[in-house]
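Read the structure below first, then the notes.
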Amino acid sequence: MSPRPGRSEHRATDREIWRLAVPAFLALVAEPLFLLGDAAVVGRLGTTELAGLGIAAVVLQTAVGLCVFLAYGTTASVARR
């Protein structure tokens, strides 16, 4: 029977998880934050411009969502190879 991992091993694993998770989270959050900033700037130009940005933002966010889905979907296959 193998010994149970110690508390320091758990902490090291937790640090490693956080080291990988924080940049991944920031990468996922970046695009919506950019679109929010764009809306704040373009909103001052007028309603027509803001409507155009709204349509473009939906298209862009959909494309980014599909790319993230493909990236996560293929990660395991790439790692195995």
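Compute the acute angle (0 to 90°) between the alpha-carbon long axis of helix 7-42 and the principal axis of greatest extent of the alpha-carbon atoms of the chain; round to the nearest 10°.
It works out to around 0 degrees.
Working out 0.36 nm times the residue gap between ARG15 and LEU70, then minus their Cα-Cα distance, what length gain in nm do you get to one decimal? Show your work: numbers first, answer last.
Working: separation 55, 0.36 × 55 = 19.80 nm, distance 2.70 nm.
Stretched fully, the ARG15-LEU70 segment lengthens by 17.1 nm.
How many nm is it between the label spots at ARG80 and LEU60, if each spot is 7 Å from the Cα in line with the beta carbon?
For the pair ARG80/LEU60, the computed spacing is 3.6 nm.
Checking the a/c ratio against 1.5 first, then a/b against b/c, what shape does the Cα gyration tensor give for the stretch 22-81? All intermediate terms of the calculation are to be shown ahead of the outcome.
Details: a/c = 7.16, a/b = 2.48, b/c = 2.88.
Since a/c reaches 1.5 but b/c is at least a/b, the shape of the stretch 22-81 is classed as oblate.
Only helical DSSP H runs with n ≥ 4 go in: add -39500 (n - 2.57) per run for the chain, normalise by residue count and round the 222 nm mean residue ellipticity to 500 deg cm²/dmol. List each step's numbers first, then the result.
Details: 2 runs with 70 residues, N = 81.
It comes out at -31500 deg cm²/dmol, rounded to the nearest 500.
Once the other residues with Cβ under 10 Å from the Cβ of LEU60 are scored (Lys, Arg +1; Asp, Glu -1), what is the net sum?
Working: positive: none; negative: GLU31, ASP38.
It works out to a net charge of -2.
What whole-number value in Å² describes the accessible area per residue of the chain for a 1.4 Å probe?
Working: 7050 Å² over 81 residues.
I get 87 Å² per residue for this part.
The values are calculated or read from the model by the stated rules, or taken from the named source; none is laboratory data. All values derive from a computational prediction rather than experimental measurement. Glycine also receives a Cβ, built like all others from the backbone with ideal geometry; neighbour counts cover every protein chain displayed. Side chains are part of the model used for accessible areas, which takes the heavy atoms of the whole protein and leaves out ligands, DNA and RNA. Shrake-Rupley method; radii C 1.70, N 1.55, O 1.52, S 1.80 Å.
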